[in-house]
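Accompanying notes for the structure given below.
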Amino acid sequence: AARLRVSGKHTGSEYDLSLIMDGSVRESGLPHGNMLNEFVEAIMDRDKARIAATRTTIAETLGEAAMVDAAATIAAFNAYTRMADATGIPLEAPKAEATVELRQELGLEALNNG
């Protein structure tokens, strides 16, 4: 299973990133990860009812500030990817080399070809 490498080494935590691509509902190791993944999926699917329900669940469970932080993080990552794609920014060679195994394990190269 794909594991978060650098951050995990820094914190001593392990996170299973493979569920990002396969959509399974199992524990990633991230606290409240399934709830946060549901928020991401609802936003990416543009499902207004799911977004509202998940937003409420996050606010009730983690607080309003955490819900806003989660929404802002999702929006920022979406924007970064769109900006990079729109401007043709390539993945820098050192980052490409450092992430070869992770990208293979997650099947990310297929996203560039599809």
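Listed values, structure above:
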read-out: Sum of side-chain charges, LEU62 neighbourhood, beta-carbon under 15 Å (Lys, Arg +1; Asp, Glu -1); value: -3
read-out: Sulfur and carbon atoms: percent of accessible area, segment 61-114 [1.4 Å]; value: 61
read-out: Segment ARG50-LEU91, extension gain: residue separation times 0.36 nm, minus the distance between their alpha carbons; value: 11.5 nm
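The values are calculated or read from the model by the stated rules, or taken from the named source; none is laboratory data. Because the structure is a prediction, the values reported are computed rather than measured. Please note: Cβ atoms are built from the backbone with ideal geometry, for glycine as well, and neighbour counts cover all protein chains shown. The protein model used for the area step is the full one, side chains on, heavy atoms only, and it has no ligands, DNA or RNA in it. Shrake-Rupley method; radii C 1.70, N 1.55, O 1.52, S 1.80 Å.
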